2 protein chains.
Amino acid sequence: MIEESSLIDFGAEKKFYAKEEYIFKQNQPALFYFQIASGEVKMNNYQPDGKEFIQAIFSAPRSFGEPPLFADIVYPANAMATQRSYIWRLPKSAFYNLLRQEPETHLKVSQAIAKRLHYKALMAAELAQQSPENRILKILDYLKFEVNHIVTPFGYKTDLTRQNIADLTGLRVETVIRTLKELEQKNEVKIINRKVYR
Amino acid sequence: MIEESSLIDFGAEKKFYAKEEYIFKQNQPALFYFQIASGEVKMNNYQPDGKEFIQAIFSAPRSFGEPPLFADIVYPANAMATQRSYIWRLPKSAFYNLLRQEPETHLKVSQAIAKRLHYKALMAAELAQQSPENRILKILDYLKFEVNHIVTPFGYKTDLTRQNIADLTGLRVETVIRTLKELEQKNEVKIINRKVYR
DNA sequence: AAACACTTATGATTACAGTCATAAATTAGT
DNA sequence: ACTAATTTATGACTGTAATCATAAGTGTTT
C-alpha cells in the first residue's frame with residue numbers, strides 16, 4: 001500500500017468504477033498499478049463450465065494486480081468492482097519511477113506481494129486436499145485472524161454469502177450450506193439467524 | 001535470482017544439504033535468503049492424513065522462501081533437498097542491506113515473487129475446480145511453457161513421477177495413472193514407454 | 001403492496017475419484 | 001547378478017460431493 005501523497009506526486013488518478021465494472025481482465029498485460037481508495041474489488045476466474053472461482057476479495061487501502069507489473073506475465077484473473085469504488089491508478093512507468101525513488105515504498109510493495117503469496121500457498125494446500133470442512137474453516141480463519149485480526153471465539157461475523165464461500169473454496173453452494181451446519185454441530189462455527197460466526 | 005558476486009560480497013555462505021535434508025520447516029520464521037547453487041529443492045505440506053502436497057519444485061539458480069523475509073509471517077510449508085544440493089544462504093539483515101544498496105536486485109527479487117504468485121493463482125483456480133484432467137494438464141503446461149519454454153507439441157518430456165504429479169495436484173496416484181491414459185486417448189499427451197510427453 | 005431476485009434450505013439420485021488389494025515392470029542398492 | 005524398493009498398472013468396491021429438483025425465507029425495486 002502506497003501513501004496517497006506519493007501516488008499524487010507521481011501522477012496517479014483516482015478513477016471511479018461502477019458496481020460490476022471490470023478494472024482489468026484475465027490475460028491482459030498490466031498497464032497500471034491499482035490501489036483501492038474506497039469500495040471493494042474481487043479477482044476471479046470463470047471455469048470452462050461457467051462456474052466462478054474467486055481468487056480474493058480486496059478493500060481499501062489494498063493494492064492488487066502487481067505481479068504482471070514486475071514480471072513478463074499477464075493477469076491470471078479478472079478484477080471487478082463489487083460495489084461503487086474509487087481506485088488509484090498509476091501508470092506502469094510512473095510506478096517504476098516511484099519504486100526507484102522511494103526504496104521504502106518498494107519494500108512495502110514487496111511485503112504486500114509476499115503476504116498474498118503466503119495466503120495462496122496456504123489455500124493451495126487446503127484446496128488440494130478434499131475435505132470441505134477444512135476448506136471452509138481455512139477461509140474463515142484467514143479472514144478472521146489475518147485480515148480482521150480478531151481473536152475472540154466466534155468474534156468474527158462473516159459477510160460472505162454461502163455462494164461466496166463456495167466460489168472461494170471451489171465447492172458447491174449446497175455443499176457449503178450442509179458443511180456449515182455440520183460445523184455448527186461440532187461447535188466450530190455459530191450460525192445466528194443465518195449469519196456465520198467464527 | 002541474485003548474482004553470486006553480490007551474494008559473496010554480502011557474506012552469503014554456500015551450504016551443503018544431503019538428500020532428504022530439511023532446509024526449513026513449516027511455521028518457522030525466516031532467518032535467511034536461500035538460493036539454489038546446485039541440486040533440487042521441494043516445498044511441501046503434509047495433510048492431517050499424512051498425504052503430501054508439493055507446493056513447488058525448484059532447481060538452480062532459483063531462490064525460494066522469500067515471503068517471510070518481507071512480511072511478518074512464517075513459512076507456509078517445509079523446504080527439503082530432494083537431491084544432494086548446494087544452497088546459498090544469506091542472513092536476513094545482510095539480505096536487507098543488499099536490497100537497499102542494489103535496487104536492481106530488489107526488482108529482480110520482486111520479479112521472482114511475482115512469478116511465483118502468478119503460478120499460485122493459476123494453480124489455485126485449477127485446484128478449486130474438480131477435473132483431474134485439467135489439473136494435470138495445467139501442471140504439465142506450466143512446466144512446459146513457463147519453466148522450460150518449449151513450444152513444440154509433445155516436445156516436453158516430464159521427469160515427474162505419477163506420484164509427483166499426484167502430490168502437486170492433490171490427486172491420488174491411481175487417478176493420475178488412469179487420467180493420463182485418458183489424456184493419451186484424447187491425444188493431449190503421449191506416453192512412450194511410461195514417459196509422459198506434452 | 002406486489003413483483004422479482006437472491007439467498008438459504010432440503011431431499012433424492014448420480015457420477016466419479018478415493019480406497020483397497022494385488023501384481024507386473026523398472027530402477028536402485030549391495 | 002540378485003535382492004529390495006520404487007513406480008506403474010488394473011480391477012472391484014465405496015463414499016461423498018455434485019447434481020437436479022423444488023421451495024421457503026429475505027431483501028430490493030418500482
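Summary table below
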| read-out | value |
| --- | --- |
| Helix-only CD estimate at 222 nm, as mean residue ellipticity for chain A, using -39500 (n - 2.57) per DSSP H run (n ≥ 4) | -12000 deg cm²/dmol |
| Test item: Cα-centred dipole of the protein assembly as shown, Lys/Arg +1 and Asp/Glu -1 on Cβ, debye | 820 debye |
| When the convex hull of its Cα atoms is projected in every direction, mean area for the protein assembly as shown (nm²) | 20.3 nm² |
| About the Cα centre, charge dipole magnitude for region A:4-106 (Lys/Arg +1, Asp/Glu -1 at Cβ), debye | 200 debye |
| Tilt relative to chain B, helix B:132-141 - C-alpha long axis, 0 to 90 degrees, to 10 | 50 degrees |
| Candidate lysines for bridging to residue B:92, where Cα separation is under 27 Å - those fewer than 8 sequence places away on the same chain excluded | A:108, A:115, A:120, B:14, B:15, B:19, B:25, B:42, B:108, B:115, B:120 |
| Computed Kirkwood radius, in angstrom, where 1/r is averaged over Cα pairs of region B:61-162 | 16.4 Å |
| Gap separating the Cα centres of region A:174-193 and region B:23-97, nearest whole Å | 36 Å |
| Cα→Cβ-extended label distance, 7 Å offset, between residue A:18 and residue B:181, nm | 5.4 nm |
| Length released on extending from residue B:100 to residue B:38, taking residue separation times 0.36 nm less the Cα-Cα span | 19.6 nm |
| Whole-Hz couplings from phi, Karplus 6.51/-1.76/1.60, listed for region A:21-35; x for Gly and Pro | 7, 7, 9, 7, 10, 3, 6, 7, x, 8, 10, 9, 8, 10, 9 |
| In region A:129-197, lysine pairs with alpha-carbon atoms under 13 angstrom apart (chain gap of 8 or more, or interchain) | 5 |
| Kirkwood Rh, angstrom, chain B [1 / mean 1/r, Cα pairs] | 18.1 Å |
| Where labels lie 7 Å past Cα in the beta-carbon direction, separation of residue A:74 and residue A:133 in nm | 4.2 nm |
| Value of Rg to Rh for region B:129-197 (Rh from inverse mean 1/r over Cα pairs, i.e. Kirkwood) | 0.92 |
| Point-charge dipole on Cβ atoms (K/R +1, D/E -1) for region A:129-197, about Cα centre, debye to 20 | 200 debye |
| Global geometry of region B:4-102, whether rounded, prolate or oblate, following the gyration tensor of its Cα atoms and the 1.5 cut on a/c | oblate |
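Every read-out reported here was derived from the displayed coordinates using simple, explicitly stated rules and does not represent laboratory data. Everything quoted here is computed from the prediction, not taken from an experiment. Positions of Cβ are backbone-derived with ideal geometry, glycine not excepted, and every protein chain shown enters the neighbour counts.
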